[in-house]
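**Student:** Structure in structure tokens, see below.
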Ligand code: PDD
């Protein structure tokens, strides 16, 4: 079965899907997006993604007339048509196509693009045992990275640096040494049994996996504080880990090639992983173990 995509009301084979050359998402990154985990054919944390999507549209003054119910129905229809039990749903909403001019078009026609690609979540279970490495890079992004826009060039370069270094992720560090987040993941450390992560601000994306962890940590008696930490503190942490839709939780065992703690996934991360995967099973019925 060919991969299917949704473009402005039409479902068509991915290879035939496209947008016009004057699409503002293409020319200006004038678009927001969401990436949603599909497990057991169900959407994980869908209401939270919808809330973030609406907040991002409002932040950019993109007028998107489709209701939540209609968007949900179209998304689920595409997921079902693609038939994958483990997948990623990508949703992009932009200010549409118009004659090139930086200011908003006077009669904008928002565009909606969705794709569904198979994704192997099982690999994330195996990686819980090994952990992953991160490198660090300067945070070169603009001042509103809390808005999930397709303007991801700094993230692209950071992730490529990580790939070139054989690392899983790049942690983006502010000029004052504060660790903000990864190229596509949120960053966490554990010190003395307490978990630390950057507070919500204009400098990090409010991750859906981040908020799931904040909600679930108390269930496994783990104390979490939303308090920024610097790179030096991260390097001497007992444990570190990252979270995202595509990596619900992964231990970070190396920062810039140097072991975190004893260089192995730690017990606090493991407890949190248990809670997170149990919640995923409760929501979707999908079980990895
Ligand atoms: N990335 N920080 C950044 C910069 C991100 O791009 C993402 C998500 C996250 C984690 O957010 P969430 O828990 O909602 O996935 C943090 C998505 C998956 C992506 O760009 O592919």
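**Student:** Does any residue of segment 34-41 turn out to be surrounded by fewer than 16 Cβ atoms within 10 Å (Cβ to Cβ), in the same structural domain as residue 74 (by TED's automatic domain parsing), touching a helix residue (DSSP H, G or I) at 6+ places or on another chain (Cβ under 6 Å) and within 24 Å of residue 278 (Cβ to Cβ)? Can you show your working first?
**Tutor:** The initial filter retains those residues of segment 34-41 that are surrounded by fewer than 16 Cβ atoms within 10 Å (Cβ to Cβ), namely 40.
Add one more test, that the residue is in the same structural domain as residue 74 (by TED's automatic domain parsing), and what stays is 40.
If we keep only those that are touching a helix residue (DSSP H, G or I) at 6+ places or on another chain (Cβ under 6 Å) too, we end up with 40.
This time we only want the ones that are within 24 Å of residue 278 (Cβ to Cβ), so: 40.
Yes: one or more hits.
**Student:** Report yes if residue 209 is in a helix (DSSP H, G or I) and either within 9 Å of the ligand (Cβ to nearest atom) or surrounded by fewer than 16 Cβ atoms within 10 Å (Cβ to Cβ) (or both), otherwise no.
**Tutor:** On the way: in a helix (DSSP H, G or I): yes; either within 9 Å of the ligand (Cβ to nearest atom) or surrounded by fewer than 16 Cβ atoms within 10 Å (Cβ to Cβ) (or both): yes.
Yes: the conditions hold for residue 209.
**Student:** Does at least one position in segment 163-173 carry a residue that is over 21 Å from residue 201 (Cα atoms), more than 9 Å from the ligand (Cβ to nearest atom), in a helix (DSSP H, G or I) and touching a strand residue (DSSP E or B) at 6+ places or on another chain (Cβ under 6 Å)?
**Tutor:** no
**Student:** Can you report the number of residues in segment 212-228 which are more than 16 Å from the ligand (Cβ to nearest atom) and on the phi < 0 side of the Ramachandran plot?
**Tutor:** Step one: filter segment 212-228 for residues more than 16 Å from the ligand (Cβ to nearest atom), giving 218-223, 225, 227.
If we keep only those that are on the phi < 0 side of the Ramachandran plot too, we end up with 218-220, 222-223, 225, 227.
Number of matching residues: 7.
**Student:** Mind listing whichever residues of segment 131-157 are more than 9 Å from the ligand (Cβ to nearest atom), more than 15 Å from residue 33 (Cβ to Cβ) and surrounded by 15 or more Cβ atoms within 10 Å (Cβ to Cβ)?
**Tutor:** Hits for segment 131-157 are 131, 132, 133, 134, 135, 136, 137, 139, 154.
**Student:** Moving on. Out of all the residues in segment 176-184, is one or more touching a helix residue (DSSP H, G or I) at 6+ places or on another chain (Cβ under 6 Å) and surrounded by fewer than 19 Cβ atoms within 10 Å (Cβ to Cβ)?
**Tutor:** yes
**Student:** Could you tell me whether residue 53 is under 30 Å from residue 101 (Cβ atoms) and within 12 Å of the ligand (Cβ to nearest atom)? Before you say what the answer is, go through the steps one by one.
**Tutor:** Details: under 30 Å from residue 101 (Cβ atoms): yes; within 12 Å of the ligand (Cβ to nearest atom): yes.
Yes, satisfied.
**Student:** Can you find a residue in segment 197-204 that is within 12 Å of the ligand (Cβ to nearest atom) and surrounded by fewer than 20 Cβ atoms within 10 Å (Cβ to Cβ)?
**Tutor:** If we filter segment 197-204 for residues that are within 12 Å of the ligand (Cβ to nearest atom), which is where we start, we get 197-198, 200, 203-204.
From what's left, surrounded by fewer than 20 Cβ atoms within 10 Å (Cβ to Cβ): 200, 203.
The answer is yes; a qualifying residue exists.
**Student:** A further question follows. Just to be sure before I move on: is residue 190 more than 13 Å from the ligand (Cβ to nearest atom), modelled with pLDDT of 95 or more and surrounded by 21 or more Cβ atoms within 10 Å (Cβ to Cβ) in the structure I sent? Outline the logic, then answer.
**Tutor:** Details: more than 13 Å from the ligand (Cβ to nearest atom): yes; modelled with pLDDT of 95 or more: yes; surrounded by 21 or more Cβ atoms within 10 Å (Cβ to Cβ): yes.
It is true that residue 190 is more than 13 Å from the ligand (Cβ to nearest atom), modelled with pLDDT of 95 or more and surrounded by 21 or more Cβ atoms within 10 Å (Cβ to Cβ).
**Student:** Do we find a residue being in contact with a strand residue (DSSP E or B) (Cβ under 6 Å, 6 or more places away or on another chain), within 16 Å of the ligand (Cβ to nearest atom) and within 30 Å of residue 13 (Cβ to Cβ) anywhere in segment 101-114?
**Tutor:** yes
**Student:** Scan segment 123-133 and give yes if some residue there is in contact with a strand residue (DSSP E or B) (Cβ under 6 Å, 6 or more places away or on another chain), assigned to a helix (DSSP H, G or I) and touching a residue at least 60 places away in the same chain (Cβ under 8 Å), otherwise no.
**Tutor:** Of segment 123-133, the ones in contact with a strand residue (DSSP E or B) (Cβ under 6 Å, 6 or more places away or on another chain) are 127, 131-133.
From the residues that got through so far, the ones that are assigned to a helix (DSSP H, G or I) too are 127.
The next check asks that each one be touching a residue at least 60 places away in the same chain (Cβ under 8 Å); those that pass are 127.
Yes, segment 123-133 contains at least one residue that is in contact with a strand residue (DSSP E or B) (Cβ under 6 Å, 6 or more places away or on another chain), assigned to a helix (DSSP H, G or I) and touching a residue at least 60 places away in the same chain (Cβ under 8 Å).
**Student:** Looking at segment 253-273, which of its residues are part of a helix (DSSP H, G or I) and surrounded by 15 or more Cβ atoms within 10 Å (Cβ to Cβ)?
**Tutor:** Here is the first cut: in segment 253-273, the residues part of a helix (DSSP H, G or I) are 267-273.
Answer for segment 253-273, where residues must be part of a helix (DSSP H, G or I) and surrounded by 15 or more Cβ atoms within 10 Å (Cβ to Cβ): 268, 269, 270, 271, 272, 273.
**Student:** I'm trying to understand the selection: among the residues of segment 228-252, which are assigned to a loop (DSSP other than H, G, I, E, B) and buried (at least 16 other Cβ atoms within 10 Å of the Cβ)?
**Tutor:** Across segment 228-252, the qualifying residues are 228, 229, 237, 238, 244, 245, 247, 248, 249.
The values are calculated or read from the model by the stated rules, or taken from the named source; none is laboratory data. The model shown is predicted, which means the values in this text are computed figures rather than measured ones. Note that each Cβ is placed from the backbone with ideal geometry, even for glycine, and that neighbours are counted across all protein chains shown.
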